[in-house]
Every structure is written in C-alpha cells, then in structure tokens.
1. What FRET efficiency do you get for residue 101 and residue 56 if R0 is 30 Å and r is their Cβ-Cβ distance, rounded to the nearest 0.05?
2. What percent does the relative contact order of segment 67-151 come to when contacts are Cα pairs within less than 8 Å and at least six residues apart?
Amino acid sequence: RPGISVELHSDEPGTLPWFNAHVYPHVKDGRADGTAGAFASCPTYACCSNGVYCDSSSGQLTHIRLQHTGLSGTLPTLLGRLTATVEFDLSNNALGGTIPTELGAWTHLESFDVSDNALIGTLPTEIGAWSALGTFRMSNNALSGTLPTHI
C-alpha cells in the first residue's frame, strides 16, 4: 500500500512485504521513542493510516485492517507479539499457509476475519484464549479443526 516507505524486515521465513512495511516496525524495536518498553507500540507514522491503527492512550497497535489489498504469502509468527490486538481483518486477499499458534496471545481480540484467502491446516487450539471474540470469519479457506465453544 502506498504511503509508508519503511525498510525494516523480519528474518522470519515467509514474512510478507506488507508485514515488513506496516506491522513489523511495531514489534521490532519496542516503543516509538526508542526507549525500552513493551512490544507493539506505535510509531507516529503508522498510527491511523494504511490500515494500521493504535490506541491513542497506550500507543499500542490494536487494529489491522488490510482487507481487499492483494496480500499474498504467509502470516508471520511475530504477529503474536501484538498482544493488544482487538481487530484483525485480512479478508479477501491471497494469503496462504497456516494460522500461527502465537496468535493465541491476542487475549483482547474481538474480531478476526481471514475469510476468502488460501489458508490451510488445522485451527490452533491456542485460539481458545480469544475469550472476548465476537466476530470470527474464516470461510473460503481450507482450514479444519474444532472451534472453542465460546466462538
């Protein structure tokens, strides 16, 4: 997506260019001001732009809305470090691979939509930690497994 020219990269195999440009800056260096701190703080250049949104009081990344953007590749495990994530919508793209078990760390998650992609495999049992979840969409993928009863 245009507008961000960040050149940070994860060393993780299968990392997506969109992840490197839009999300990785939030999990790599900690706080935006360069001091030590919790992962997933938002630098000012990415907040409220390009489908990445932050909580204005905590500075933590809370919403990733990159639906219908032509994304392809796999979901990086580093996404699990974004523990304040409330909404995750990567629907209607061309994402493949599996849903990382590390996403179970998203205990505040309210909405998860990966529908209309090419995801495969078994749903990780760790998603059972998503106790606040109200919306869960995964249609038009090749995912299998048992959903927790609260989903």
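1. Once rounded, the FRET efficiency stands at 0.50.
2. 27
Taken together, the values in this text are just the output of simple stated rules run on the coordinates, not laboratory data. From a predicted model like this one, the values you see are computed outputs, not experimental measurements. Cβ: placed from backbone, ideal geometry, glycine included. Neighbour counts: every protein chain shown.
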